[in-house]
Amino acid sequence: MAVSVPILAIVTSLHLIAFVFAVGAERRRSFAKVVPDQYDERTYCVYSTDASTVYGLCAFGLLLLSQVVVNGVTRCLCFGKGLVSATSSTTCAITFFVFSWLSFLGAEACLLAGSARNAYHTKYRGIFGGDDLSCATLRKGVFAAGAALTLLSLLGSILYYWTHSRADTGGWEKHQNEGLGMTQQPREFEKV
């Protein structure tokens, strides 16, 4: 299997779009404002938009799709003629496989947990004037960590795909019986 430019373009674009969604989710995190209830002495939380939940889930889905593409093309490091031998390309492929999966799982955890926590809203805060209580909001930096891990996953996936193809083909793709055979003599000129 040689490196395919369309596969690299698909994986790179999916990762970069997921990165943009993760950065957008960080920028559009919901924040809460404490508002007194007009009927009693209780207060409640009014939250801003939930756009970052949708952005985080979109980034989650795109990153998952990209990982499925990479592992589908490489058959999840399980098959291939070059992966049986113990070469440096095989070792690099295994290293980048592990790095790709660790960064992918970290990014997915940040994006999913950030989306779930951002969607959580507390309704009532407590007695009016209770200074210790606050509305539940997502901490700053969860989606940013997901975005950073998305870029690391992009790097790991591309390097894994490249080293896997090198290990699978022995470092170069063998081209046989292609093009014009300029050095071959016709059969009629062979020695009798």
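When the surface is traced with a 1.4 Å probe over the full set of protein chains, Trp162 keeps roughly 120 Å² accessible. Rolling a 1.4 Å probe across all protein chains gives Ile158 an accessible area of roughly 50 Å². Using a probe radius of 1.4 angstrom, the carbon and sulfur fraction of the accessible surface of segment 1-41 is 67%. Accessible surface computed residue by residue for segment 50-90, with neighbouring protein chains in place and a 1.4 Å probe, gives 50 Å² per residue. When you restrict to C-alpha pairs under 8 Å that are six or more residues apart and normalise by the size of segment 1-69, the relative contact order lands at 41 percent.
Net length available on complete extension from Arg75 to Tyr120 is 12.4 nm, with 0.36 nm assigned per residue and the Cα-Cα distance removed. Counting heavy atoms of the protein chains alone, Cys45 has an accessible area of about 10 Å² for a 1.4 Å probe.
The 1.4 Å probe gives accessible areas that order Tyr39, Tyr55, largest first, as Tyr39, Tyr55. Each of Val68, Val84, Val142 has its accessible area taken with a 1.4 Å probe; listed largest first, they run Val84, Val68, Val142. Look at where the Cα atoms of segment 73-121 and of segment 20-57 average out, and the two centres are 33 Å apart.
The values are calculated or read from the model by the stated rules, or taken from the named source; none is laboratory data. This one's a predicted model, so the numbers in the text were calculated from it and none came from an experiment. Note: accessible area is taken over every heavy atom of the protein model, side chains too, but ligands, DNA and RNA are not part of it. Shrake-Rupley method; radii C 1.70, N 1.55, O 1.52, S 1.80 Å.
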